[in-house]
1. Can you pick out the pairs among Lys40/Lys94; Lys78/Lys205; Lys94/Lys135 whose Cα atoms lie more than 25 Å from each other?
2. With a 10 Å radius around each residue's Cβ, average the other Cβ atoms per peptide and rank 86-93, 221-228, highest first.
3. Describe numerically, in nm with one decimal, the distance between label points set 7 Å from Cα along Cα→Cβ at Ser79 and at Leu113.
4. Using the Karplus curve 6.51 cos²θ - 1.76 cosθ + 1.60 with θ = phi - 60°, work out ³J(HN,Hα) for each residue of region 171-177 in order, rounded to whole Hz, and write x for Gly and Pro.
5. What aspartates and glutamates does Lys227 reach when the alpha-carbon gap must be under 16 Å and sequence neighbours fewer than 8 apart in one chain are set aside?
6. From the backbone phi of region 69-77, what are the Karplus-calculated ³J(HN,Hα) couplings (6.51 cos²θ - 1.76 cosθ + 1.60, θ = phi - 60°) in whole Hz, Gly and Pro given as x?
7. Using 0.36 nm times the number of residues separating Asp14 and Arg157, minus their current alpha carbon distance, what extension gain do you get?
8. Among the GluC sites (Glu not before Pro) within region 153-259, which fall in a DSSP loop and have no more than 13 other Cβ atoms within 10 Å of their own Cβ?
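Please treat every number below as a calculation from the coordinates, not as lab data. These numbers were taken from a predicted model, which means no experiment stands behind them. Reconstructed Cβ throughout: ideal geometry from the backbone, glycine too, with neighbour counts over all protein chains shown.
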Amino acid sequence: MNTPSLVRSIYAYDVRPNFGDEIGPDIVRHVLGVDLPRAKPGDEHVLFSVGSIIHAADNFKSVVVWGSGVEPHYGRPKSANIRFLAVRGPNTAKLVGYTGGVFGDPAILAPRLLPRDPAPDRSGVGIVVHHMTMKRRLRDRVLFDPFRSGYEVIDPRRPWRDVVADIRRCEFVFSQSLHGAILAEAYGVPWAWWKGFHGRLATFKWQDWFASLGAEPRSFRLAQLDKARLDADRRRAILPDADALADALTENTDVLLPA
């Protein structure tokens, strides 16, 4: 019989405002029905969820991973005290030796918190920019490049529900942010990967996500809207099993909150 893992707190990257990092604790709160406190370095029984954060496991005594990913340029965890309930995709699974077979970024569960219907009238093309690109020098280059004339720049530093609302209003989305693409897929908005300035550092996590969809990883320049639309139409992506992902957490954890 599988012994449930104990969780006491949750870790989420919060050094910079970013909707993709913010969504994790809200998803966990919805699935478990409890609000886990934020973990502190050295804590034990820490839950990891959304994000390329597995490398940070070395900061804690014990970690339970649910849907997190690896990004090799951040490093790989040395700790042996990690239990995996699910990981983001097959590429992460290979790197960490996970063989459980439950894949998916927990952000795919967002429609359970913020339902798909009623869908808004969609128009225009959006660009979900990576939060690191929203530095002033790079932001100006994104906003004023002539190829992007008429595209809406979606700022990732706002609350995730606001970012989702912007994505859902678009008829098509280019995303430099991985979670922009994940949420577009979850809400049925056609999308394409735009590498932009951040892309050279993010190839692994994007390949991991595409692999979890059973799709071929392709990226497009913002000037290639027609090709990007065609690729989105032809893509036969299948979202990971959301029920299996949620069950991996609810059926394999016991929560012990501070008194």
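1. Working: Lys40/Lys94 28 Å; Lys78/Lys205 19 Å; Lys94/Lys135 34 Å.
Violating the 25 Å Cα-Cα cut-off are Lys40/Lys94; Lys94/Lys135.
2. Numbers: 86-93: 24.6, 221-228: 15.2.
Ranked by mean Cβ neighbours within 10 Å, highest first: 86-93, 221-228.
3. 2.3 nm
4. 7, 7, 10, 8, 10, 8, 8
5. Filter leaves Glu171, Glu216.
6. x, 9, 10, x, 6, 7, x, 10, x
7. On the way: separation 143, 0.36 × 143 = 51.48 nm, distance 1.10 nm.
The span from Asp14 to Arg157 would gain 50.4 nm if fully extended.
8. Counting only loop positions with at most 13 other Cβ atoms within 10 Å, the GluC sites (Glu not before Pro) in region 153-259 are Glu171, Glu251.
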